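Taking it in order: structure first as structure tokens, then the write-up.
All of the numbers you see were taken from the coordinates with simple rules; none came from a lab. What you see is a predicted model; the values in this text were computed from it and never measured. Counting neighbours? That spans all protein chains shown, and the Cβs are built from the backbone with ideal geometry, glycine included.
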Amino acid sequence: MSWNYRVIKRTDKGGFDYYGVHEVYYNKRGEICLISEDHIAPFGDSFDELRGDVSRMFEAFGKVTLIYDEINFASMDSDGDSIQGNVDWNATCYPPVGTPEFTNESYRN
């Protein structure tokens, strides 16, 4: 199974749209089989890990926004779907965007 961050549009019971970055998991065929229930906040055990997580989240903005109510969830593969890396992330990135450079120096006063 592989995963990445994606922007997902949801609509609440009042009909209002909202967006969040979610973890999206794919089976070996590259089909969506799971997403995180709630949007994800960036996290890291160090500054560099946090910067890496934010960078991966930023990549989600270069992919098509998923509309939650239109996602057709596929099943996981019967063999447990434990193989990583079978999704061509470049093929799913529309349009490709760059990642800004964040350094520890950027945040010092």
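E31 to D69: FRET efficiency via 1/(1 + (r/R0)^6), r the Cβ-Cβ distance, R0 25 Å, to the nearest 0.05? Please report the intermediate quantities before stating the final value.
On the way: r = 17 Å, r/R0 = 0.69.
The calculated FRET efficiency here is 0.90.
May I ask you to derive the FRET efficiency for F16 and E49 from their Cβ-Cβ distance with R0 = 22 Å, giving the value to the nearest 0.05?
Values: r = 34 Å, r/R0 = 1.54.
Given R0 = 22 Å and the Cβ-Cβ separation, E is 0.05.
Which cross-chain or sequence-distant (5 or more) residues have an amide H under 5 Å from the amide H of C33, H modelled 1.01 Å from N in plane?
So C33 has HN proximity to Y25, Y26, N27, A74.
Of all GluC sites (Glu not before Pro) in region 1-61, which ones are in loop regions per DSSP and have a Cβ with at most 15 other Cβ atoms within 10 Å? Write down the numbers at each step before the final one.
On the way: sites: E23, E31, E37, E49, E59; in loops: E31, E37.
Those satisfying the criteria are E31, E37.
Just in region 24-54: which chymotrypsin sites (Phe, Trp or Tyr not before Pro) are loop by DSSP and have at most 13 other Cβ atoms within 10 Å?
Working: sites: Y25, Y26, F43, F47; in loops: F43.
Qualifying residues, ordered by number: F43.
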